[in-house]
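Some notes on the structure that comes next.
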Amino acid sequence: MSFNPHTPEDRERMLATIGVASTDDLFTPVPETIRYPHLDLPPALTELEAIRRLEHLAEKNFVPDAEDVYLGAGSYRHFIPSTVDHLIQRGEFYTAYTPYQPEVAQGTLQVIYEFQTMVAELLGFEVANASMYDGATAMAEGALTAVSASRKREKIVVSPTVHPAYRKVLETYVEGTAVTSETLESADPFRFDVSALEGRLDDSTACVVIQYPNFFGTIEDVQAIADAVHEAGALLVVNTSPVPLGLLKPPGALGADVASAEGQPLGIPPGYGGPYVGLLATGKKHVRQMPGRLAGVTADAEGKRGYVLTLQTREQHIRREKATSNICTNQGLMATAATIYMSTLGPEGFREVATRSYQNAHYLADQIVKREGYAVANTGEFFHEFVVECPEPAASVNRRLLDHGIVGGLDLGTVDDSLKNFMLICATELHSRQSIDRFVEAI
């Protein structure tokens, strides 16, 4: 902070109130071995020296071309039209703040309203909320929405083909509550078999959570799973990805009750964990169990169109015990980027991105299996991501690819020790036939 309002006398009174002699006493719970009595900083640099130092450090970075990156696993590289960055940097949009005052935030509220409309259409539902932090929290909030809707049921059953990091976030969400989360086992490690649900659903099961396409890129049979889940009286939560829905049926059309997704592929570049934006949608009958807020359209006293926050079920607006969540931002800037991206591409452009991603991934798979010792491990159809079994540890293959200036896929040995010879590879519309051929030659 550039300004601290507390005087030395204020600090002395605060320390006396909590019963410690100095601020140093506040750090006694921290082991001495990891305490820093002072910052060991190098000598100060001039601005010019600092710039040169940073440039020297930046030269050590390896910055590959986008078409030479085959790493996906939940964060994807797609072409981002220049309109996205240009418009989100306008002063009236450049904030993640939630517009509480409709009289001064009509533009922002309109963007949120249009964002919700597009997300609802994309996921195949009647209602979408203003947005979540990211895909992982959206999936967790979607599962808790199903728990609330099921009233007294408190068990969440999760497919093993859901993103492992997402499963950990869900487990963190329910820790310390009456809600439980359990991950099933599947005979096929890369595809969820509906038979795995037999005998695992009972009167305490609130919902089943699956991913479509799943973490390994396989397109799950959502309709068959939905039928089995509904027969047991539970709800189905589907975590998905936006781009495949340019070609695939949306979760809402396949029997899902709640759908979540990571919105990063919609005009947001990959980052070290964010900022991203979560998508969440459901039917009207579950709208009051949804977290966050909903923007709506109405008319003012003069009959002119106006945008407002129609429904706000979070703890800042209603009594805490009645709140659905404590989600306190709508990631407004990222939601705006996603809205501009979808508006710029339109339905046909969005379908073209999905088609090219699908075709490039299948061309890549067809070329890889021609190499001795390599095989595609997915037993079902995949979209733009798939698993390759390598003749050696995937880590070794990735090191060889890096020597050629190529970032390979995800070493699945980092997820499961038994999968150290398997690699999760992704292709999008950014890959050319020439870059794919280079990749295949390099492995």
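Report the chymotrypsin sites (Phe, Trp or Tyr not before Pro) located in the stretch 97-163 that are in a DSSP loop and have at most 13 other Cβ atoms inside 10 Å of their Cβ, or state none. Passing both the DSSP loop test and the Cβ count: 97, 100.
Close amide-amide hydrogen proximity is noted between residue 374 and no other residue 5 or more places distant or on a separate chain, at a cut-off under 5 Å (H modeled in the peptide plane; Pro and chain starts excluded). In the complete set of protein chains, residue-level accessible area for residue 55 is approximately 110 Å², probe 1.4 angstrom. For the stretch 3-53, the square roots of the Cα gyration tensor eigenvalues, ordered a ≥ b ≥ c, give a/c of at least 1.5 with a/b no greater than b/c, which places it in the oblate category. Taking only C-alpha pairs under 8 Å that are 6+ residues apart, what is the relative contact order of the chain in percent? Computed over the chain, the figure is 21 percent. Counting pairs of alpha carbon atoms under 8 Å apart in space and at least six apart in sequence, what relative contact order in percent does the stretch 322-443 give? Result for the stretch 322-443 is 25 percent.
Computed over the alpha-carbon pairs of the stretch 280-402, the distance histogram in 10 Å steps reads 10, 21, 21, 20, 17, 8, 2, 0 percent, short to long.
For the chain, what does -39500 (n - 2.57) per DSSP helix run (n ≥ 4), summed and divided by total residues, give at 222 nm, in deg cm²/dmol to the nearest 500? Intermediate values should be presented prior to the final figure.
On the way: 10 runs with 141 residues, N = 443.
Dividing the helical sum by the residues of the chain leaves -10500 deg cm²/dmol.
With contacts taken as Cα pairs under 8 Å at a separation of at least 6 residues, the stretch 197-255 carries a relative contact order of 39 percent.
Charge tally for residue 221 (other residues, Cβ to Cβ under 11 Å; Lys, Arg +1; Asp, Glu -1): -3. Taking a ≥ b ≥ c as the square roots of the eigenvalues of the Cα gyration tensor, an a/c ratio below 1.5 marks the chain as rounded.
Please work out how much accessible surface residue 60 shows to a 1.4 Å probe, ignoring ligands, DNA and RNA, in Å² rounded to 10. Approximately 150 Å² of residue 60 is accessible to the 1.4 Å probe.
Can you tell me the FRET efficiency between residue 403 and residue 165 if r is taken as the Cβ-Cβ distance and R0 is 22 Å, rounded to the nearest 0.05? The computed FRET efficiency comes out at 0.20.
Could you tell me the center-to-center distance, by alpha carbons, between the stretch 337-409 and the stretch 243-273 in angstrom? Centre-to-centre (Cα) distance: 17 Å.
Shown are 358, 94, whose ranking by accessible area with a 1.4 Å probe and every protein chain present, most to least, is 94, 358. Which entries in 168/285; 249/370; 249/420; 370/420; 155/285 show an alpha-carbon gap greater than 23 Å? Listed pairs above 23 Å: 168/285; 249/370; 249/420.
Please identify every one of the trypsin sites (Lys or Arg not before Pro) in the stretch 333-397 that sits in a loop by DSSP and has no more than 10 other beta carbons within 10 Å of its own beta carbon. Could you put the intermediate results ahead of the total?
Numbers: sites: 351, 356, 370, 371; in loops: 370, 371.
Sparse-neighbourhood loop trypsin sites (Lys or Arg not before Pro): 370.
Here the label points at residue 82 and residue 38, each 7 Å from Cα along the C-beta direction, are separated by 5.2 nm in the simple model.
Rounded, prolate or oblate, given the Cα gyration tensor of the stretch 67-187, with a/c below 1.5 counting as rounded? List each step's numbers first, then the result.
Numbers: a/c = 2.48, a/b = 1.44, b/c = 1.72.
Note, shape of the stretch 67-187 comes out oblate.
Taking the centroid of alpha carbons for each part, the stretch 137-164 and the stretch 6-20 are 45 Å apart. Rolling a 1.4 Å probe over the protein heavy atoms of the chain, with every protein chain left in place, gives an accessible area that is 53 percent carbon and sulfur.
Calculated FRET efficiency, residue 30 and residue 4, Cβ-Cβ r, R0 22 Å, to nearest 0.05? My answer for the efficiency is 0.45.
Of the residues 220, 441, 92, the one with the largest accessible area comes first in the ranking 441, 92, 220, computed with a 1.4 Å probe on protein heavy atoms. Over the chain, accessible surface divided per residue gives 52 Å², non-protein components excluded, 1.4 Å probe. Annotation: the antiparallel percentage among DSSP beta bridges lying fully within the chain is about 55.
Size descriptors for the stretch 1-156 (Cα atoms only): Rg and Dmax, in that order, 25.2, 64 Å.
The values are calculated or read from the model by the stated rules, or taken from the named source; none is laboratory data. For clarity, every value in this text was computed on a predicted model and none was experimentally measured. Methodologically, a virtual Cβ is constructed for each residue, glycine included, from the backbone with ideal geometry; neighbour enumeration extends over all protein chains shown. These area figures cover heavy atoms from the full protein model, side chains too; ligands, DNA and RNA do not enter into them. Shrake-Rupley method; radii C 1.70, N 1.55, O 1.52, S 1.80 Å.
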